[in-house]
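S.K.: Right, I'll just put the structure down here and ask away after.
The values are calculated or read from the model by the stated rules, or taken from the named source; none is laboratory data. Source: prediction; values computed, not measured. All Cβ positions, even for glycine, are placed from backbone atoms using ideal geometry, and neighbour counts span all protein chains on display. Keep in mind that these areas ignore ligands, DNA and RNA; they rest on the heavy atoms of the full protein, side chains included. Shrake-Rupley method; radii C 1.70, N 1.55, O 1.52, S 1.80 Å.
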Number of protein chains: 2
Amino acid sequence: MSAREGKDGRAAVRTITDLARLAGVSPGTVSRALAGKSLVNTRTREKIEALAREHGFRPNQMASGLRRQKTGVIGVVIPLGHDIRQQISDSFFMTLLGFLADELTTHGYDLMLRRVVPGDDADWLDRFIGSGMIDGVIVIGQSDQFERIEEVADGYRPMVVWGNHQEGQRHCVVGTDNRLGGRLAAERLIAGGARRIAFLGDTGPMEFAARFAGAQDVAARMGLPPVLALSTHLSPDRASEEIARHLAQHGRAIDGIFAATDTLAALCLTELRAQGLSVPDDVKLVGFDDLPIARQTIPPLTTVRQDIAAGARGLVDLLLRRLGGETTESLVLPPELTVRETA
Amino acid sequence: MSAREGKDGRAAVRTITDLARLAGVSPGTVSRALAGKSLVNTRTREKIEALAREHGFRPNQMASGLRRQKTGVIGVVIPLGHDIRQQISDSFFMTLLGFLADELTTHGYDLMLRRVVPGDDADWLDRFIGSGMIDGVIVIGQSDQFERIEEVADGYRPMVVWGNHQEGQRHCVVGTDNRLGGRLAAERLIAGGARRIAFLGDTGPMEFAARFAGAQDVAARMGLPPVLALSTHLSPDRASEEIARHLAQHGRAIDGIFAATDTLAALCLTELRAQGLSVPDDVKLVGFDDLPIARQTIPPLTTVRQDIAAGARGLVDLLLRRLGGETTESLVLPPELTVRETA
DNA sequence: GACTCATTTGCAAACGTTTGCAAGATTCCT
DNA sequence: AGGAATCTTGCAAACGTTTGCAAATGAGTC
């Protein structure tokens, strides 16, 4: 069986021209028939469609893309700026990615995934865009690349970013109101009686910085001492010991912890228990994200919920509108406090 | 500023021909220079490279792909056969996906992600392959599509599948020895004193069926009653109540549970506690996967570890070898019992 | 300086589709 | 039956690269 033959031994029909020969028409007609254009006679179309089905023919997307100057592919890129190892397997991003895949598929687009380490090449975004392989790009997380993204946004329209919204920024962003989320968290801690509050997590990434700032807002407004920033990495292995160290040092001096993510909160819960501190009696704890794990900790985690599905829908919706030439505003989603038992 | 101009106002150089004009050479020479072929004079090459850098030029991948008949893209497809909602956000698959992205990037390939619901179209795999957009495909999980995959494998070489290995199968698969994993789990339960063992999870998917079978092997060998299959869905919401129901019915009659995944095990732990059964005293519990969550349950979960990173490396390695024309055997990875505190 | 041989370049034909244009085939009037 | 109007179709030129072939250039040898 030669490479030119299908498994049944007949000559394989790989191109639109092959199919045209079989149907006794010109390639142009086949193209039109398969594209479902109205200009082709119904009987001809049906014959061609039948033949295509029979031979399992599918037009080559590369050729089509080249000719039409669009590919039907949306790039999704995850810049790993802050904390290389963890970020990607981070449940939050991964869940978002899942929803994105669904949402894009629904709209007839394919998804090209790329992880980049911006430190290695400053060019990461232009490279992706300039490849000609994608019609638009969704950036998941601004990481430490805010400026780079701003620059690109000036010259490239079909881009939407998941992340934090900043006054006056030029790129179109979809994301939760992190600062408000931080306020909700801090308010809950304080309402439960906490007075000396700590923020657990790296305040480098903008999303986290905003959550931290939100908590600060509330502490200041209530006349409490400033929120203590306990910096950690995101990867569970390193975070665990860092949390243990922080708690050993400050554990007795604080009575409320706002963790930057549920993942950190869950680790923190474990360490708190290990150090003999009870939650929520000795220390109150609020997480962020409302990942599945939040229901499964003991006690179940009070957390600030992000609507990931809505985020994915928003990203895709805005991107498609931009592809259509519209100018779009950023979309800021409201976080929601989900009260369980840790605060 | 017209669409033809870059942000600095100079005419944008979008094609290799534009660049050729600038450099005063022919397009062919530019192509060769940029491809790093040896046939071009060093001085010419340097001039062209400098120009390309200066104008941020990148050759169009679609055109290149069309001409060379290869795209530099590997398709990754997740068939959602058994349990639509959960499977994709399942941490295991997502973690594997992350490692795959890294591994493919390292080898200079891009990753195109597609989720499909095979029920909707029987054609899912051929469609992806026939699109002409990908050089090869990695299927994550056989789901209930074993036969479909076998058929395709007969006529399409560059495909590797993550899943369970079956005697005599025709497609190249990478996966953990699930049956052995099942045996390890059951042996551990029995060594701890369990006599009446249950398997928690859907036994439909082949991977799970093999895990179940492994546990059966051991029970039979030891002369214990057959393992009780407690069927559940994978999505946390439905699984929780199903587990509760199972435990209410059989909870007191069993003393060892082997959960199909860590996610199920974690849910099960919660339900066991809710029903007043203590782990590991009343009931012993072993999970599967060794996801991060396994360390964070209380008590921490004894589980059967799959080496996800090694799996991703294996998948990519075999796929590249197949792209190179080699014939490859399937790769079966050994699972490893990770003992913590639930069994 | 005439010759060979090795390097470096340009030319033009692909890769498989889509699509504007014009020609050919139908239909519908009158 | 003649013509206008409408449908269908074919032709051929793109889309932006890569690459075999041959021409041109340069270096080296006698």
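S.K.: For segment B:293-343, what are the residues that are of a type in the set (S, T, N, Q) and assigned to a strand (DSSP E or B)?
M.R.: Of everything in segment B:293-343, those that are of a type in the set (S, T, N, Q) and assigned to a strand (DSSP E or B) turn out to be B:302, B:303, B:338.
S.K.: Right, next: Out of segment B:203-243, which residues are in contact with a His (Cβ under 8 Å, 6 or more places away or on another chain), open to solvent by 40 Å² or more (accessible area, probe 1.4 Å) and within 14 Å of chain A (Cβ to nearest Cβ)?
M.R.: Here is the first cut: in segment B:203-243, the ones in contact with a His (Cβ under 8 Å, 6 or more places away or on another chain) are B:204-205, B:228, B:230, B:232, B:234, B:239, B:242.
Those left that are additionally open to solvent by 40 Å² or more (accessible area, probe 1.4 Å): B:204, B:228.
Once the filter is applied, which keeps residues that are in contact with a His (Cβ under 8 Å, 6 or more places away or on another chain), open to solvent by 40 Å² or more (accessible area, probe 1.4 Å) and within 14 Å of chain A (Cβ to nearest Cβ), segment B:203-243 yields nothing.
S.K.: Output the qualifying pairs, or none if there are none: Cβ atoms under 9 angstrom, residues six or more apart or on different chains, first residue in segment A:152-168 and away from chain B (no Cβ under 14 Å), second residue hydroxyl-bearing (Ser, Thr, Tyr) and surrounded by 15 or more Cβ atoms within 10 Å (Cβ to Cβ).
M.R.: That search, which allows pairs on different chains as well, returns A:160/A:328; A:160/A:330; A:161/A:330; A:163/A:143; A:164/A:176; A:165/A:330.
S.K.: Going by the conditions given, is residue A:35 open to solvent by 60 Å² or more (accessible area, probe 1.4 Å) and not basic (Lys, Arg)?
M.R.: Working: open to solvent by 60 Å² or more (accessible area, probe 1.4 Å): yes; not basic (Lys, Arg): yes.
In short, yes.
S.K.: Right, something else. Being more than 8 Å from DNA strand D (Cβ to nearest atom), at pLDDT 95 or above and not assigned by TED's automatic domain parsing to the domain that holds residue A:135 is the requirement here; does residue A:65 meet it?
M.R.: Values: more than 8 Å from DNA strand D (Cβ to nearest atom): yes; at pLDDT 95 or above: yes; not assigned by TED's automatic domain parsing to the domain that holds residue A:135: yes.
It is true that residue A:65 is more than 8 Å from DNA strand D (Cβ to nearest atom), at pLDDT 95 or above and not assigned by TED's automatic domain parsing to the domain that holds residue A:135.
S.K.: Shifting gears a bit: In the same structural domain as residue B:80 (by TED's automatic domain parsing) and out of contact with any helix residue (DSSP H, G or I) (no Cβ under 7 Å at 6 or more places or on another chain): does that describe residue B:221? If you could, list the steps in order and put the result at the bottom.
M.R.: Values: in the same structural domain as residue B:80 (by TED's automatic domain parsing): no; out of contact with any helix residue (DSSP H, G or I) (no Cβ under 7 Å at 6 or more places or on another chain): yes.
The answer is no for residue B:221.
S.K.: Could you check segment A:182-202 and list, in sequence order, the residues that are under 30 Å from residue A:147 (Cα atoms) and open to solvent by 10 Å² or more (accessible area, probe 1.4 Å)?
M.R.: Just the residues of segment A:182-202 that are under 30 Å from residue A:147 (Cα atoms), to begin with: A:182-186, A:198-202.
A:183, A:184, A:202, listed by residue number.
S.K.: Check A:51, A:39, A:66 and return the single one that is within 15 Å of DNA strand C (Cβ to nearest atom), within 10 Å of chain B (Cβ to nearest Cβ) and over 30 Å from residue A:143 (Cα atoms). Reasoning before the result, please.
M.R.: Numbers: A:51 fails: within 10 Å of chain B (Cβ to nearest Cβ); A:39 fails: within 10 Å of chain B (Cβ to nearest Cβ).
Only one candidate passes the filter, namely A:66.
S.K.: Under the condition of being farther than 23 Å from residue A:62 by Cβ, assigned to a loop (DSSP other than H, G, I, E, B) and more than 10 Å from DNA strand D (Cβ to nearest atom), which residue from segment B:13-62 is modelled with the lowest pLDDT?
M.R.: B:38
S.K.: Check whether at least one residue in segment B:129-148 is within 12 Å of chain A (Cβ to nearest Cβ), not in a loop (DSSP other than H, G, I, E, B) and not aliphatic (A, V, I, L, M), and report yes or no.
M.R.: Yes - at least one qualifying residue is present in segment B:129-148.
S.K.: Could you look through segment A:106-143, keep only residues that are acidic (Asp, Glu) and closer than 20 Å to residue A:67 by Cβ, and pick out the one that is surrounded by the most Cβ atoms within 10 Å (Cβ to Cβ)?
M.R.: Initially, segment A:106-143 is screened for residues acidic (Asp, Glu), giving A:110, A:120-121, A:123, A:126, A:135.
Narrowing the set further to residues that are closer than 20 Å to residue A:67 by Cβ leaves A:110, A:135.
Numbers: A:110: 24, A:135: 19.
Ranking the candidates gives A:110 first.
S.K.: If you go through segment A:253-288 one residue at a time, how many are in a helix (DSSP H, G or I) and touching a residue at least 12 places away in the same chain (Cβ under 8 Å)? So that I can check it myself, show each step before the final result.
M.R.: Looking only at segment A:253-288, we keep the residues that are in a helix (DSSP H, G or I), and these are A:253, A:262-274.
Imposing the further condition that a residue be touching a residue at least 12 places away in the same chain (Cβ under 8 Å) reduces the set to A:253, A:262-272, A:274.
Number satisfying all stated conditions: 13.
S.K.: It is to be established whether one or more residues within segment A:321-334 are open to solvent by 10 Å² or more (accessible area, probe 1.4 Å), modelled with pLDDT under 95 and within 14 Å of another protein chain (Cβ to nearest Cβ).
M.R.: Scanning segment A:321-334, I find at least one residue that is open to solvent by 10 Å² or more (accessible area, probe 1.4 Å), modelled with pLDDT under 95 and within 14 Å of another protein chain (Cβ to nearest Cβ), so the answer is yes.
S.K.: Looking for whichever is of a type in the set (D, E, K, R) and in contact with a helix residue (DSSP H, G or I) (Cβ under 8 Å, 6 or more places away or on another chain) here; the options are B:252, B:179, B:188. Which one fits? Show your work before the answer.
M.R.: Values: B:252 fails: in contact with a helix residue (DSSP H, G or I) (Cβ under 8 Å, 6 or more places away or on another chain); B:188 fails: in contact with a helix residue (DSSP H, G or I) (Cβ under 8 Å, 6 or more places away or on another chain).
The match here is B:179.
Matching residues to (1) facing chain B (nearest Cβ under 10 Å); (2) farther than 20 Å from residue A:248 by Cα; (3) open to solvent by 10 Å² or more (accessible area, probe 1.4 Å):
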{"residue": "A:264", "(1), (2), (3)": "no, no, no"}
{"residue": "A:277", "(1), (2), (3)": "no, no, yes"}
{"residue": "A:282", "(1), (2), (3)": "no, no, yes"}
{"residue": "A:292", "(1), (2), (3)": "yes, yes, yes"}
{"residue": "A:297", "(1), (2), (3)": "yes, yes, yes"}
{"residue": "A:300", "(1), (2), (3)": "yes, yes, yes"}
{"residue": "A:311", "(1), (2), (3)": "no, yes, no"}
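S.K.: So how many residues does segment A:132-189 have that are of a type outside the set (A, V, I, L, M) and more than 16 Å from residue A:289 (Cβ to Cβ)? Can you show your working first?
M.R.: To start, the set of residues in segment A:132-189 that are of a type outside the set (A, V, I, L, M) comprises A:132, A:135-136, A:141-148, A:150-151, A:154-158, A:162-172, A:175-179, A:181-183, A:187-188.
From what's left, more than 16 Å from residue A:289 (Cβ to Cβ): A:132, A:135-136, A:142-148, A:150-151, A:154-158, A:165-172, A:183, A:187.
Summing the residues that are of a type outside the set (A, V, I, L, M) and more than 16 Å from residue A:289 (Cβ to Cβ) in segment A:132-189 gives 27.
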